[in-house]
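Input: a single structure, listed below in structure tokens.
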Amino acid sequence: MPCADENLLNKLEQHSLIADWYGQFHDQLLVFLSRGVRSSADIQDLAQEVYFRLLRVKSPELVESPRAYLYRVAVHVLAESRRSERKGRQHS
């Protein structure tokens, strides 16, 4: 069974521009996400969500600053994760 990163890379190959961004910024993204979550599994899950959202962008070639855009998406993913985590704790 392929791991999450292999699945993500296969999906990224379908969209070469996003794949380029993955190669350029992935390590930086992981460091950024690690400041906002505790577990390494969560970091990987959030990074995967960031790239899945980027893959849904209709015209990524129009993005003028890919790194800034990727970080903006990551900020939103982190915020949603924190909201979800807080709701989970409130209902426990």
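The values are calculated or read from the model by the stated rules, or taken from the named source; none is laboratory data. What you see is a predicted model; the values in this text were computed from it and never measured. Cβ placement follows ideal geometry from the backbone for every residue including glycine, while neighbour counts extend to all protein chains displayed. Just the protein is used for accessible areas: all its heavy atoms, side chains included, with ligands, DNA and RNA removed. Shrake-Rupley method; radii C 1.70, N 1.55, O 1.52, S 1.80 Å.
List of remarks:
- The label point for residue 83 and the one for residue 34, both projected 7 Å from the Cα toward the Cβ, are 2.8 nm apart.
- For residue 20, solvent-accessible area (1.4 Å; no DNA, RNA or ligand), Å²: 90
- Legend: residues 22, 51, 69, sorted from most to least accessible area (1.4 Å probe; ligands, DNA and RNA excluded), read 69, 22, 51.
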